[in-house]
Amino acid sequence: MKILVANAGSSSLKYQLIDMDNEQVIAKGLCDKIGLSGSNISHKAGDGRTYAAEIDMPTHAEAFEALMFALTESDAKVISSPKEIGAIGHRVVHGGTFFNKSCLIDDAVAEKINELKELAPLHNYPNYLGIVACTKTFGKDIPQVAVFDTAFHQTMPEKAYIFGIPYEYFEKYAVRRYGAHGTSHKYVAERCAELLGKDKSEVKIVTCHIGNGASITAVDKGECVDTSMGFTPLDGFIMGTRSGGIDPSALTYIAEKENISAAEMSNILNKKSGLLGISGVSSDNRDVSAAAQNGNHRAALANEIQRYQIAKFVGSYIAAMNGTDAIVFTAGIGENDPVLRTEVCKHFEYMGVKIDEEKNHIRGEEVEISTPDSKVKVYIIPTNEELAIAKDTLALVTGK
Ligand code: ADP
């Protein structure tokens with residue numbers, strides 16, 4: 001079966017058409033600047049043919065029409081009719097407490113996703129628009145599935161998701177830890193169990209998704225028991241532009257000193273902090289590391305803080321699970337930065353973690369980077385959120 005995976009953002013739509021018989025990408029692309037001037041589509045077939053065009057896309061509906069044209073009629077077309085698409089899987093960012101697993105989309109599910117936009121305004125509304133636009137473009141005959149970024153984290157116990165503030169804010173506004181990147185954490189944890197040769201119910205794993213956005217999850221017996229992102233993706237440790245956790249009193253103090261609003265403070269914490277805020281150089285890990293190597297102290301400090309904070313989270317999750325069988329690194333930085341992995345793993349020498357530096361420099365592959373006698377296995381597992389979404393979609397539509 002061919003499955004279309006759709007990831008709708010506020011002004012973009014990323015997609016992949018995947019052949020689930022061999023898990024190969026048939027085509028993928030991006031509709032960009034939706035609702036803005038200069039909206040365009042860039043599309044690439046699996047055999048290398050490409051199609052790009054500037055197309056007026058005032059809403060996501062036109063983006064789905066452009067995508068359909070690219071797939072079925074363009075110079076880089078890969079199918080002759082939309083009927084060849086067996087199902088559509090949507091990445092949905094927030095499932096609140098209502099969705100603890102992927103589900104088939106009906107009107108009620110779509111409406112609930114729309115209602116949850118209160119918790120993730122920048123993401124859930126575009127996700128909802130994507131579902132509506134898809135129904136308009138592809139009709140109701142092609143089943144659609146929602147795969148939620150938060151769903152994997154819904155198994156967290158109360159002690160991990162309730163914040164230390166008056167309980168009424170949880171009751172009134174559903175303020176609690178939800179986590180994010182769940183599709184990625186679940187995917188790499190399941191791959192890791194396979195690589196360990198064990199059933200997921202038998203293992204404890206710490207998964208580190210370190211990209212521009214970054215989070216760490218404690219996975220015990222295949223279930224998330226704690227995760228570093230919180231009510232929003234701001235919590236945890238420093239990221240490209242996000243601050244991670246910080247003493248809230250520092251924020252009220254700065255807000256008073258600089259006379260800034262809550263919205264401005266949120267913007268500073270989300271867009272101007274982290275690697276960018278500390279280094280003053282860039283939010284991009286490669287730029288920061290290059291500046292650090294050229295002797296820029298603040299860039300070196302940003303790298304050091306990032307690695308130190310990651311190590312502290314990994315350590316706390318090992319404590320939370322009373323041990324771990326494996327540590328997994330994934331996403332842009334986790335998969336590609338050997339120095340970060342070495343520096344993080346050094347903190348676990350005391351419990352017998354040993355890294356094979358030759359293997360640690362292998363890129364883009366699933367690889368065990370710990371030595372055979374390491375007491376805890378360490379892996380690089382490239383994440384593949386689209387394939388994970390397609391697998392859930394296939395399972396729901398075929399009932400397998
Ligand atoms: P997101 O999906 O959250 O936007 P990614 O997972 O694509 O982010 O990760 C982007 C980050 O990965 C950037 O900070 C980038 O510098 C870093 N990165 C990518 N390739 C490398 C590399 N070869 N070495 C070090 N860092 C890298």
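One table, with the values for the structure above:
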| quantity | calculated |
| --- | --- |
| Selection from region 255-294 of residues that are within 25 Å of the chain's Cα centre (by Cα), farther than 20 Å from Pro338 by Cα and aliphatic (A, V, I, L, M) | Ala263, Met265, Ile268, Leu269, Leu276, Ile278, Val281 |
| Of all residues making up region 302-329, the number that are within 13 Å of the ligand (Cβ to nearest atom) and either among the polar types (S, T, N, Q) or out of contact with any Asp or Glu (no Cβ under 9 Å at 6 or more places or on another chain) (or both) | 3 |
| Scan of region 185-198 for residues that are touching a Lys or Arg at 6+ places or on another chain (Cβ under 9 Å) and away from the ligand (no atom under 16 Å from the Cβ), ordered by number | Ala189, Glu190, Cys192, Ala193, Glu194, Leu195, Leu196 |
| Candidates Val132, Val147, filtered to the one that is within 21 Å of Leu17 (Cα to Cα), touching a helix residue (DSSP H, G or I) at 6+ places or on another chain (Cβ under 6 Å) and not in a loop (DSSP other than H, G, I, E, B) | Val147 |
| Subset of region 298-347 (residues that are among the hydroxyl-bearing types (Ser, Thr, Tyr) and within 24 Å of Ser201 (Cβ to Cβ)) | Ser316, Tyr317, Thr324, Thr330 |
| Among residues of region 334-371, those that are within 14 Å of the ligand (Cβ to nearest atom), farther than 17 Å from Asn212 by Cα and of a type in the set (S, T, N, Q), counted | 2 |
| Members of region 1-18 that are surrounded by 16 or more Cβ atoms within 10 Å (Cβ to Cβ) and not hydrophobic (A, V, I, L, M, F, W, C) | Lys2, Asn7, Gly9, Ser11, Ser12, Lys14, Tyr15, Gln16 |
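Yes or no, residue by residue, for (1) surrounded by 24 or more Cβ atoms within 10 Å (Cβ to Cβ); (2) within 16 Å of the ligand (Cβ to nearest atom); (3) on the phi > 0 side of the Ramachandran plot; (4) in contact (Cβ under 8 Å) with a residue 12 or more places away in the chain:
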position: Ala174; (1), (2), (3), (4): no, no, yes, yes
position: Lys204; (1), (2), (3), (4): no, no, no, yes
position: Thr207; (1), (2), (3), (4): yes, yes, no, yes
position: Asn212; (1), (2), (3), (4): no, yes, no, yes
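Yes or no, residue by residue, for (1) of a type in the set (S, T, N, Q); (2) more than 16 Å from the ligand (Cβ to nearest atom); (3) part of a helix (DSSP H, G or I):
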site	(1), (2), (3)
Pro233	no, no, no
Gly236	no, no, no
Met239	no, no, no
Gly244	no, no, no
Leu251	no, yes, yes
Lys257	no, yes, yes
Ile268	no, yes, yes
Ala292	no, no, yes
Ala300	no, no, yes
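Coordinate-derived values only; no laboratory data. These numbers were taken from a predicted model, which means no experiment stands behind them. Cβ atoms come from the backbone with ideal geometry, glycine included; neighbour counts cover every protein chain shown.
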